């Protein structure tokens, strides 16, 4: 399983209507906060503009901007779902020009809501100036942002921002876990809480294991749940993994400390999870150790699941 990091920017869709000439000059920023905010707004708009959907070229940019600005506050946009169904049809395949104006406004509102909600949940609102987010969003729609920034620089700024928030949220999660009653704290920073004591044997560092697990982010969002995942045959069953080379370092370390039949909650620092490639996200797993056996018993060479 490869964990997909928590995504900050909503990937809805895009449009255009009433193109404006690009006569802008590079915008000046007084501080890093203004610069970052502008970039986040511009990237949010570019995510929409790069969708490649022909029907979105018929939408009204000015109303998209208006909707985005109005809803950059976390107000619910649930009623907009019906409007977008009118615009694109029940299956989002039938574009109806009759609803272009209200649909454009609603799409902007939903984009603003998604942006604000994600930033707030990540704990980054204090790092963002919403007025510069709005400016960046508008410039991104009209592609004026390219006057000020290169694509690579924008992506690096956004990535650094996300990594910083991931580190902070991971540290908070681990700090709370350390004070849990009965929690085992290991030297490498892993914390293990026993939810149900196992009565069986412990796997070796090279064993195959069968487990069920629930993966959550540092913010508590459920990312994967093997108790609900069906295989190709439509059956839910325990996941077979190889501890030597088939899982993340945190699992290789902590699974041999568990007993068959036990249920554990494990908090894993980012450097023992998916590391830099997943934005330094610390993770939490609930793991039920169903069974274990020598290498090759559950995982054949060609299965190589590449890591919990």
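What number of residues within the range 249-261 satisfy the criterion of being in a loop (DSSP other than H, G, I, E, B) and surrounded by fewer than 20 Cβ atoms within 10 Å (Cβ to Cβ)? I'd like the intermediate steps shown before the answer.
So in the range 249-261, the residues in a loop (DSSP other than H, G, I, E, B) come out as 258-261.
Still in the running and surrounded by fewer than 20 Cβ atoms within 10 Å (Cβ to Cβ): 259-261.
Qualifying residue count for the region: 3.
State whether one or more residues within the range 200-215 are within 30 Å of residue 299 (Cα to Cα), under 18 Å from the mean Cα position of the chain (by Cα) and modelled with pLDDT of 95 or more. Step through it out loud before you land on a result.
Applying the first criterion (within 30 Å of residue 299 (Cα to Cα)) to the range 200-215 yields 200-215.
When the remaining residues are screened for being under 18 Å from the mean Cα position of the chain (by Cα), the result is 214-215.
In the following step, the residues that additionally are modelled with pLDDT of 95 or more were identified as 214-215.
Among the residues of the range 200-215, at least one is within 30 Å of residue 299 (Cα to Cα), under 18 Å from the mean Cα position of the chain (by Cα) and modelled with pLDDT of 95 or more, which makes the answer yes.
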Query - Subset of the range 85-113 [surrounded by fewer than 20 Cβ atoms within 10 Å (Cβ to Cβ) and touching a residue at least 40 places away in the same chain (Cβ under 8 Å)] - result: 95, 100, 101
Report summary line: When residue 299 is run through (1) touching a strand residue (DSSP E or B) at 6+ places or on another chain (Cβ under 6 Å); (2) modelled with pLDDT of 95 or more, the failure sits at (2)
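Among the residues of the range 105-124, count how many are assigned to a helix (DSSP H, G or I) and more than 14 Å from the chain's Cα centre (by Cα).
From the range 105-124, those assigned to a helix (DSSP H, G or I) are 105-122; that's our starting set.
Next cut, more than 14 Å from the chain's Cα centre (by Cα) only: 105-113, 116.
Within the range 105-124, residues that are assigned to a helix (DSSP H, G or I) and more than 14 Å from the chain's Cα centre (by Cα) number 10.
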Report summary line: Filtering the range 216-231 down to residues that are over 18 Å from residue 117 (Cβ atoms), outside any strand (DSSP E or B) and modelled with pLDDT of 95 or more yields 226, 227, 228
Query raised in the report: Which one is surrounded by the fewest Cβ atoms within 10 Å (Cβ to Cβ) among residues in the range 140-180 that are at pLDDT 95 or above and not in a helix (DSSP H, G or I)?
Result: 179
Query raised in the report: over 22 Å from residue 174 (Cβ atoms) and surrounded by fewer than 19 Cβ atoms within 10 Å (Cβ to Cβ), is that true of residue 276?
Result: no
Report task. Considering only the range 28-69, state which residues are within 12 Å of residue 107 (Cβ to Cβ), part of a helix (DSSP H, G or I) and at pLDDT 90 or above. Result -> 45, 61, 63, 64, 65, 66, 67, 68
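Can you find a residue in the range 232-239 that is within 18 Å of residue 278 (Cβ to Cβ), assigned by TED's automatic domain parsing to the domain that holds residue 190 and either in a strand (DSSP E or B) or touching a residue at least 60 places away in the same chain (Cβ under 8 Å) (or both)?
Going through the range 232-239, the residues within 18 Å of residue 278 (Cβ to Cβ) turn out to be none.
Within the range 232-239, none of the residues are within 18 Å of residue 278 (Cβ to Cβ), assigned by TED's automatic domain parsing to the domain that holds residue 190 and either in a strand (DSSP E or B) or touching a residue at least 60 places away in the same chain (Cβ under 8 Å) (or both).
When you scan the range 262-270, do you find a residue that is assigned by TED's automatic domain parsing to the domain that holds residue 183 and either over 26 Å from the mean Cα position of the chain (by Cα) or surrounded by fewer than 14 Cβ atoms within 10 Å (Cβ to Cβ) (or both), even just one?
Step one: filter the range 262-270 for residues assigned by TED's automatic domain parsing to the domain that holds residue 183, giving 262-270.
Retained after the next criterion (residues that are either over 26 Å from the mean Cα position of the chain (by Cα) or surrounded by fewer than 14 Cβ atoms within 10 Å (Cβ to Cβ) (or both)): 262-263.
Looking for residues that are assigned by TED's automatic domain parsing to the domain that holds residue 183 and either over 26 Å from the mean Cα position of the chain (by Cα) or surrounded by fewer than 14 Cβ atoms within 10 Å (Cβ to Cβ) (or both), one finds at least one in the range 262-270, hence yes.
The values are calculated or read from the model by the stated rules, or taken from the named source; none is laboratory data. Remember, predicted model here, so these are calculated numbers, not experimental data. Backbone-built Cβ (ideal geometry, glycine too); neighbour counts: all protein chains shown.
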